[in-house]
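This is the structure I want to talk about, given as structure tokens.
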């Protein structure tokens with residue numbers, strides 16, 4: 001929104017927000033460079049004057065809010081604050097990077113330039129171009145991480161103010177946030193920002209479920225806090241007696257984390273036992289014991305009061321997470337017979353958990369030992385520096401490694417190596433050195449011989465075995481999950497392909513020379529070969545020739561076929577090519593025209609019985625009428641409908657926001673849909689018959705398949721049946737859940 005004068009009240013609001021920013025900065029330990037921040041604010045305020053956001057507020061409120069997040073929630077200093085204030089100036093006004101450089105110096109200009117290059121988001125209308133920009137941005141990360149940290153702050157404020165955006169933009173931004181920004185915040189150690197980004201994305205993707213869970217959490221608040229105070233009282237008393245200065249607080253799961261657990265663990269809201277967690281943040285005593293020993297001292301004090309769960313102790317102090325997180329977690333049995341997780345941290349550990357990399361480097365203060373974060377940044381630079389033509393494929397791989405849980409393994413010398421859960425011997429070989437990876441034939445794991453695809457387990461001691469004649473095979477890509485290993489393998493295979501292409505091109509040229517084909521006809525000859533072998537790319541043709549998959553014995557017959565009488569009357573001329581087959585134009589008879597109820601701005605389609613046959617209900621998640629769903633319009637006009645939380649839908653929302661539509665169902669139970677249910681319960685004679693009676697007689701639902709197993713008194717069943725819509729399916733699920741000895745009934749989406 002452009003050019004409307006600000007009122008006196010709005011200008012006062014802007015100045016008040018700037019004063020709040022300076023106040024937050026004054027309470028940090030950074031050297032105070034207020035004049036630099038003041039100069040950046042005045043410049044940005046003038047540049048954005050008269051411009052408003054979609055919400056109607058002055059645009060400068062956004063850079064101010066981003067700067068406030070940068071200082072208060074990430075802990076950065078004046079350079080970052082100034083860059084945050086200026087981050088939209090180059091993109092949205094007539095000022096250039098050179099102007100920023102002249103006025104504020106090279107460092108701030110460099111950061112603003114990095115932020116400007118990815119201003120459209122990690123994914124924009126030109127998805128691969130945006131991904132490539134993001135790739136280049138990450139390449140500079142080990143030199144100046146502040147670009148990424150400010151971008152995360154920018155995304156956080158955009159998510160906090162997403163209500164003003166149209167629905168399709170909300171889907172795109174929320175999907176993009178869930179896809180890359182939340183995992184990246186996690187990997188950079190910004191725990192609370194990661195949780196808020198996830199929760200806000202969930203709010204806009206599943207608004208009804210979000211409101212329902214938010215209300216349930218609020219309804220339980222009073223009882224929950226009463227239980228917390230009762231649980232915390234003896235711990236407070238014990239820690240005070242030991243002379244600790246500490247904060248003991250309650251931490252409630254977010255609606256997103258509750259919903260995710262309900263869906264991954266197949267439990268109801270009532271069955272989530274760790275809804276409430278307790279956090280102890282203490283100031284270590286000086287000149288007594290180490291931080292680690294004092295954490296264990298508090299652990300001992302707590303376990304004298306409450307019984308610990310033996311399988312739920314997490315020591316992130318001895319071996320911090322790869323994102324720098326340090327804490328001691330223990331789950332104990334409370335007074336009400338409920339398990340309660342307690343997190344024990346020093347104030348330094350707490351700041352690392354909340355502010356991530358900014359705090360990491362602040363506390364490092366000259367230490368030379370390389371931390372897991374340093375190793376990760378070094379690996380990122382190595383991966384990103386490699387030859388990677390497919391930026392989107394790279395980004396997918398990179399994203400998978402952002403959120404992966406870690407396993408810790410040991411080399412023969414006792415050095416700890418951290419890898420994502422599910423990593424293999426081959427992943428470790430490439431992590432140690434690319435040469436080890438390329439020549440790896442297996443490993444000795446705990447002194448036993450294992451293959452290259454062996455999945456590593458925590459505590460394994462691993463010696464990589466190599467052979468000089470071993471080289472990578474295409475199937476190795478199925479044996480690795482880390483970005484580094486995949487990148488190294490792809491680089492190797494691309495080098496091999498280029499060599500094969502050069503060999504093939506040389507062989508073809510030699511063959512054409514031997515046939516005395518004029519050089520000006522080489523291109524036409526190559527086109528005839530492509531058509532003969534049904535190939536579209538010259539590089540692939542050359543590669544097939546280089547691999548001897550295509551022989552050139554019959555080259556003359558292909559490029560100089562025997563001519564019919566008609567063709568002799570009309571001789572072949574260089575450059576002649578068959579006419580291309582025209583494609584069905586958009587709007588042709590194959591295009592599905594959706595009912596948008598005269599309101600294209602809302603990007604909503606209403607799926608009726610009449611057009612159900614024309615939309616594609618995707619097999620990856622099998623949405624049915626009534627489901628929360630989105631539709632993706634492809635280039636031919638076809639609508640592909642996905643369940644809202646389908647992984648494919650997440651990718652589509654983040655990559656193709658303008659082609660995404662929300663879905664409203666307007667069907668009348670005319671079609672049946674195949675669905676799967678998983679049922680677990682206590683095995684009892686006659687229970688299966690009773691289940692089938694409920695399904696077939698009470699609901700008149702047809703069962704297509706039934707698989708059931710029983711072991712040690714517990715049975716599990718998978719039933720495939722036909723239903724009209726979500727309402728009928730979930731009514732059946734509730735009826736089955738109420739049956740005696742049925743423990744859980746879950747819909748299976750894949």
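The values are calculated or read from the model by the stated rules, or taken from the named source; none is laboratory data. Since we're looking at a predicted model, the values are computed, not measured. Every residue, glycine as well, gets a Cβ built from its backbone with ideal geometry; the counts of neighbours run over all protein chains shown.
Among the candidates 227, 263, which residue alone is outside any loop (DSSP other than H, G, I, E, B), surrounded by 15 or more Cβ atoms within 10 Å (Cβ to Cβ) and modelled with pLDDT under 95?
One residue alone meets the criteria, 227.
Check residue 495 against each of (1) at pLDDT 90 or above; (2) within 25 Å of residue 434 (Cα to Cα) and name the one condition it does not meet.
(1)
Next question. So, residue 471, is that one in the same structural domain as residue 527 (by TED's automatic domain parsing) and either in a strand (DSSP E or B) or in contact (Cβ under 8 Å) with a residue 24 or more places away in the chain (or both) or not?
Criteria not met by residue 471.
When only residues in the range 488-506 that are closer than 17 Å to residue 548 by Cα and surrounded by fewer than 18 Cβ atoms within 10 Å (Cβ to Cβ) count, which is farthest from the chain's Cα centre (by Cα)?
Within the range 488-506, the match that is farthest from the chain's Cα centre (by Cα) is 506.
Conditions tested, residue by residue: (1) surrounded by fewer than 23 Cβ atoms within 10 Å (Cβ to Cβ); (2) in contact with a helix residue (DSSP H, G or I) (Cβ under 9 Å, 6 or more places away or on another chain); (3) modelled with pLDDT of 90 or more.
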| position | (1), (2), (3) |
| --- | --- |
| 60 | no, yes, yes |
| 65 | yes, yes, yes |
| 75 | yes, yes, no |
| 79 | yes, yes, yes |
| 99 | yes, yes, yes |
| 140 | yes, yes, no |
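Here are some conditions: (1) surrounded by fewer than 18 Cβ atoms within 10 Å (Cβ to Cβ); (2) over 22 Å from residue 745 (Cα atoms); (3) more than 22 Å from the chain's Cα centre (by Cα). Residue 617 meets all but one. Which one does it not meet?
(1)
Take the residues of the range 160-173 that are crowded, with 22+ Cβ neighbours inside 10 Å and over 11 Å from residue 630 (Cβ atoms): which is nearest to the chain's Cα centre (by Cα)?
Within the range 160-173, the match that is nearest to the chain's Cα centre (by Cα) is 173.
Only one of these is part of a loop (DSSP other than H, G, I, E, B) and closer than 25 Å to residue 188 by Cβ: 344, 317, 280. Name it.
Being part of a loop (DSSP other than H, G, I, E, B) and closer than 25 Å to residue 188 by Cβ holds for just one of 344, 317, 280, which is 317.
Only one of these is assigned by TED's automatic domain parsing to the domain that holds residue 331, farther than 30 Å from residue 679 by Cα and in contact with a helix residue (DSSP H, G or I) (Cβ under 7 Å, 6 or more places away or on another chain): 242, 276, 200. Name it.
After ruling out the rest, the residue left standing is 242.
Let me ask you something else. Would you mind stating whether residue 360 is under 25 Å from the mean Cα position of the chain (by Cα), at pLDDT 85 or above and part of a helix (DSSP H, G or I)?
No; evaluated as a whole, the condition is false for this residue.
In addition: Out of 208, 274, 219, I need the residue that is loosely packed, with under 14 Cβ neighbours inside 10 Å and over 21 Å from residue 730 (Cα atoms). Which one?
The conditions single out 219.
Residues of the range 73-100 being in a helix (DSSP H, G or I) and farther than 17 Å from residue 31 by Cβ, which ones?
84, 85, 86, 89, 90, 91, 92, 97, 98, 99, 100, listed by residue number.
What number of residues within the range 101-124 satisfy the criterion of being in a helix (DSSP H, G or I), at pLDDT 80 or above and over 16 Å from residue 181 (Cα atoms)?
Total meeting the criteria: 12.
Among (1) part of a helix (DSSP H, G or I); (2) surrounded by 22 or more Cβ atoms within 10 Å (Cβ to Cβ), where does residue 189 come up short?
(1)
One line per residue, one yes/no per condition, for (1) closer than 30 Å to residue 295 by Cβ; (2) out of contact with any strand residue (DSSP E or B) (no Cβ under 6 Å at 6 or more places or on another chain):
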position: 203; (1), (2): no, yes
position: 206; (1), (2): no, yes
position: 216; (1), (2): no, yes
position: 219; (1), (2): no, yes
position: 230; (1), (2): yes, yes
position: 237; (1), (2): yes, yes
position: 240; (1), (2): yes, yes
position: 245; (1), (2): yes, no
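Only one of 692, 736, 706 is touching a strand residue (DSSP E or B) at 6+ places or on another chain (Cβ under 6 Å), modelled with pLDDT of 90 or more, surrounded by fewer than 18 Cβ atoms within 10 Å (Cβ to Cβ) and not in a loop (DSSP other than H, G, I, E, B); which?
706
For the subset of the range 532-553 comprising residues that are farther than 17 Å from residue 498 by Cα and in contact (Cβ under 8 Å) with a residue 24 or more places away in the chain, which member is farthest from the chain's Cα centre (by Cα)?
The extreme case among them is 552.
Can you pull out the residues in the range 474-497 that are without any contact (Cβ under 8 Å) to a residue 60 or more places away in the chain, in contact with a helix residue (DSSP H, G or I) (Cβ under 9 Å, 6 or more places away or on another chain) and assigned to a helix (DSSP H, G or I)?
Answer for the range 474-497, where residues must be without any contact (Cβ under 8 Å) to a residue 60 or more places away in the chain, in contact with a helix residue (DSSP H, G or I) (Cβ under 9 Å, 6 or more places away or on another chain) and assigned to a helix (DSSP H, G or I): 474, 476, 477, 479, 485, 489, 492, 493, 497.
Another one. Name the residues in the range 322-344 that are in contact with a helix residue (DSSP H, G or I) (Cβ under 7 Å, 6 or more places away or on another chain) and closer than 19 Å to residue 194 by Cα, would you?
Passing the criteria: 322, 323, 324, 325, 326, 327.
Out of all the residues in the range 235-253, is one or more over 20 Å from residue 350 (Cβ atoms) and crowded, with 18+ Cβ neighbours inside 10 Å?
No.
Might you let me know whether the range 633-640 holds any residue that is surrounded by 21 or more Cβ atoms within 10 Å (Cβ to Cβ), in contact with a strand residue (DSSP E or B) (Cβ under 8 Å, 6 or more places away or on another chain) and touching a residue at least 24 places away in the same chain (Cβ under 8 Å)?
Looking for residues that are surrounded by 21 or more Cβ atoms within 10 Å (Cβ to Cβ), in contact with a strand residue (DSSP E or B) (Cβ under 8 Å, 6 or more places away or on another chain) and touching a residue at least 24 places away in the same chain (Cβ under 8 Å), one finds at least one in the range 633-640, hence yes.
Would you confirm, using the coordinates I've provided, whether residue 626 is at pLDDT below 80 and not assigned by TED's automatic domain parsing to the domain that holds residue 178?
Spelling it out, it is not the case that residue 626 is at pLDDT below 80 and not assigned by TED's automatic domain parsing to the domain that holds residue 178.
When the range 36-53 is examined, which residues are found to be in a helix (DSSP H, G or I) and buried (at least 19 other Cβ atoms within 10 Å of the Cβ)?
If the condition is that a residue be in a helix (DSSP H, G or I) and buried (at least 19 other Cβ atoms within 10 Å of the Cβ), then 37, 40, 41, 43, 44, 45, 47 are the ones that fit.
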